[in-house]
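Asker: Quick one: this structure, given as structure tokens, is what I'll be asking you about.
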Amino acid sequence: MLETARGEIQLQLQQSVQGGMTPHMYNLGRLAKMMEWEVLLIDINEFTVEYPSSLEKKSFDDLKNRCKECLMCLQNLNSDVNPRSEIVENILVTFINLGDYSYVANFDQLQNQRYIILKIRF
């Protein structure tokens, strides 16, 4: 359902770009990005439930890249929208489960915005 809604929003965004700059185009882009992160959260949850039986290298790399792209928005000072804290927390737990400790250990120094409820100590 989210994939269909995201596709419709992206279609509206493309039509807005072709028709000229409109005020709602800015909001459509933000909404499409937020829906992309919600789909990522669902994929993370599916991966967690199905792990290790459905470990495919292609899907594993794709999920990891999408997680890193999501966290990059927190580092970008020009980002107009940030992922919800639940999504960030699930991404970090996924990195821990996948053994990518270096990214998680450096996350606190990389981010520009602090999450009060997210404090990782080693």
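Asker: Starting from residues that are in contact with a helix residue (DSSP H, G or I) (Cβ under 9 Å, 6 or more places away or on another chain) and not in a loop (DSSP other than H, G, I, E, B), keep the ones in the range 103-122 and report whichever is modelled with the lowest pLDDT.
Answerer: Leu110
Asker: Next question, about the same structure. Counting just the residues of the range 67-88 that are surrounded by fewer than 12 Cβ atoms within 10 Å (Cβ to Cβ) and modelled with pLDDT under 85, which one comes out nearest to Met34 (Cα to Cα)?
Answerer: My answer is Asp80.
Asker: Given the criteria under 10 Å from the mean Cα position of the chain (by Cα) and either assigned to a helix (DSSP H, G or I) or at pLDDT 85 or above (or both), does Ile91 qualify?
Answerer: Yes.
Asker: Has the range 42-63 got any residue that is within 15 Å of Arg84 (Cβ to Cβ), modelled with pLDDT of 85 or more and buried (at least 18 other Cβ atoms within 10 Å of the Cβ)?
Answerer: Yes: the range 42-63 contains one or more residues that are within 15 Å of Arg84 (Cβ to Cβ), modelled with pLDDT of 85 or more and buried (at least 18 other Cβ atoms within 10 Å of the Cβ).
Asker: Any residue in the range 16-38 that is under 22 Å from Asn82 (Cα atoms) sitting within a Cβ distance under 7 Å of a residue that is part of a helix (DSSP H, G or I) and modelled with pLDDT of 80 or more? List the pairs, counting only those 6 or more apart or interchain.
Answerer: Listed pairs, sorted by first residue: Trp37/Cys70; Trp37/Ile87.
The values are calculated or read from the model by the stated rules, or taken from the named source; none is laboratory data. Just so you know, these numbers come straight off a predicted model, no measurement behind them. Cβ atoms come from the backbone with ideal geometry, glycine included; neighbour counts cover every protein chain shown.
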